[in-house]
1. Residue under question is Ile298, and the condition is that it be part of a strand (DSSP E or B) and crowded, with 21+ Cβ neighbours inside 10 Å; does it hold?
2. Please specify each residue of the range 236-264 satisfying the condition of being among the small types (Gly, Ala, Ser), more than 23 Å from the chain's Cα centre (by Cα) and modelled with pLDDT of 90 or more.
3. Taking the options Ala92, Ala82, name whichever one is small (Gly, Ala, Ser), under 26 Å from Val224 (Cα atoms), not in a loop (DSSP other than H, G, I, E, B) and not assigned by TED's automatic domain parsing to the domain that holds Val260.
4. Quick one: how many residues across the range 207-218 are surrounded by 14 or more Cβ atoms within 10 Å (Cβ to Cβ) and assigned to a helix (DSSP H, G or I)?
5. Name the residue, out of His232, His267, that is without any contact (Cβ under 8 Å) to a residue 24 or more places away in the chain and either of a type outside the set (Gly, Ala, Ser) or touching a strand residue (DSSP E or B) at 6+ places or on another chain (Cβ under 9 Å) (or both).
6. Can you give me the number of residues within the range 277-319 that are without any contact (Cβ under 8 Å) to a residue 40 or more places away in the chain and among the acidic types (Asp, Glu)?
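The values are calculated or read from the model by the stated rules, or taken from the named source; none is laboratory data. These figures come from a predicted structure and were not determined experimentally. As a convention, Cβ positions derive from the backbone with ideal geometry for all residues, glycine included, and neighbour counts pool all protein chains shown.
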Amino acid sequence: MIKKRTSLKDIAQKVGVSTALVSYVLNGKEKEARVGEAAARKIKKVAIELNYQPNLIARGLKFGKTNTIGLIVADISNPFFAMLARNIELEAQKNGYTVLFGSSDEQLEKSQNLINTFLNRQVDGLIITPVAGSQPQIEELKNKGVPFVLMDRGFKEVDTNVVVTDNHDAMYTAVKLLIKNGYRKIGMIAYDTPLTHMHDRIAGYRDALKAGGIRFHSRWLMKVPYQGYKEHIAALLNQLSDSADSGIDALVFATNSISVQALKAIHSKGIKVPQQLGVISFDESDTFDFFYSSITYIKQNLQAISENAVRSLIQSFEGKNRKSIRIIVPASIIKGESSGLHKNR
């Protein structure tokens, strides 16, 4: 049997006061209603005893605010998004907001379902990591006037509030490090997606090669689909190791999920890092600790991304963001053995 939710009326009957008086106290307006301190304390005590939980949806309809934020990440199983979600939750709490979580799993339909669910729950606004093809969803939110901030990635064609890592500069710096250490045939494995974060990382990779006087070869840039990416990465590494003229002496991986799968394949093929192949990952992973060579990786500033995303959304609630704001957060390089000096240098 499902226990009935405690209502304001239940509290009022037990205390012996009006429902309106209980509402004033539990909404922090006892001074405005001139409620005595003793009565206010008794109402709060009974509310705790009866395990009263406010109906956020009803409260949102009444006051136009629920102090909740809907967060949609791309893949909560990815450590990067899990940590990002945790940081956003903590930052929201500092500002008096509760966060409702959802993972789209890079699926368009699931992204739309989460948006609908959160809006039906009367969230004050959304922080979204958009998936490929979700541009119409974002444009609809904008047309409806729903406060939202895109995080980690966005769309060049849509003018919105967005908080992203400086993906171009981060990848540019990583590739320049490999060039400095003597690598001249540098490949990249990235996801095949039109989203801005991947586009910017690829652009940073190519610009670094150009700046280093290295001619780019199309076969060096390898793209894999998100669905079934593990099998595609394994096939790519097989091709590289079986081909005598593959021309690759280093690889940069566009995400940590790509890195983990690629390192598994590299290990199984007996390819030595960095003796035979230099390696740099975009983002870190706990599994790097189990690889025999410490991995060089690009570290994103999760704290800065979270703070800016929550701050930008709250400013939208308060009407302070009259124009769309694009915040670009710098990243850093954590050097390991995997990008060490090339053997032929």
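1. Against the criterion (part of a strand (DSSP E or B) and crowded, with 21+ Cβ neighbours inside 10 Å), Ile298 qualifies.
2. Correct list: Ala250 only.
3. The unique qualifying residue is Ala82.
4. 3
5. Just a single option satisfies the conditions, and that option is His232.
6. Residues flagged as without any contact (Cβ under 8 Å) to a residue 40 or more places away in the chain and among the acidic types (Asp, Glu) within the range 277-319 amount to 2.
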